[in-house]
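FYI, it's all coordinate maths here, none of it is from the lab. What you see is a predicted model; the values in this text were computed from it and never measured. We place every Cβ from the backbone using ideal geometry, glycine too, and count neighbours over all the protein chains shown.
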Amino acid sequence: MKQHWLKDWPWATVVAINAGLCKEKNALHKPTSDGYKPAQELWESSRTRELTLRKALDICRQCHKLAPFCFYNGNTFVAIGRTMIQDLLRKMPPVEAQAFRGVVGHYIAGTAGADELSQALDKLGLPARRGRSQAAAAAGGN
């Protein structure tokens with residue numbers, strides 16, 4: 001299921017979300033010298049593309065790891081990722097929705113791995129693997 005998952009999230013909105021989080025916590029809102037430009041370029045180049053949900057969540061995770069802001073990078077991209085999946089969550093039973101929302105947030109923040117996200121996406125019948133088939137992954141092949 002490919003969609004324009006990031007189309008409603010211009011970089012200016014990402015910056016505004018981070019600014020709001022920083023203001024709420026009395027933290028400095030400032031771009032970093034190393035991560036800001038690469039994250040902005042990755043984000044903006046991905047916004048117009050049709051992506052699988054997995055790829056869109058990977059981009060959120062990559063941007064978090066690039067650390068474009070001084071503070072609250074994880075919170076910023078987790079908030080976006082969780083908002084992106086709201087339509088999916090509404091179609092799910094409450095317990096499954098809460099579990100999926102949690103996995104998405106933890107994956108973007110880097111506290112859950114690719115396997116956990118793949119399992120959650122598999123349960124929804126969504127493409128879960130990157131690059132290699134599930135059979136190859138199960139067999140340990142490349």
Rule-of-thumb Rg ratio for the chain [Cα; 2.2 N^0.38 Å; N residues]: 1.08
Per-peptide average of other Cβ atoms within 10 Å, ordering 110-121, 65-76 highest first: 65-76, 110-121
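Most exposed first by the Cβ proxy, i.e. fewest other Cβ within 10 Å, how do T83, T52 rank? Kindly include the intermediate steps, with their values, before the conclusion.
Numbers: T83 11, T52 18.
Exposure proxy ranking, most exposed first: T83, T52.
Over region 11-125, what is the relative contact order in percent, taking alpha-carbon pairs closer than 8 angstrom and at least six residues apart? Present the calculation step by step, with values, prior to reporting the outcome.
On the way: 118 pairs, mean separation 29.8, N = 115.
Taking the mean separation of contacting Cα pairs over the length of region 11-125, I get 26 percent.
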For the chain, built as a Gaussian network whose Cα springs stay under 10 Å, the top-fluctuating residue of R49, R61, R82: R49
Subset of K23/K123; K37/K91; K2/K37 violating a 28 Å alpha-carbon distance limit: K23/K123; K37/K91
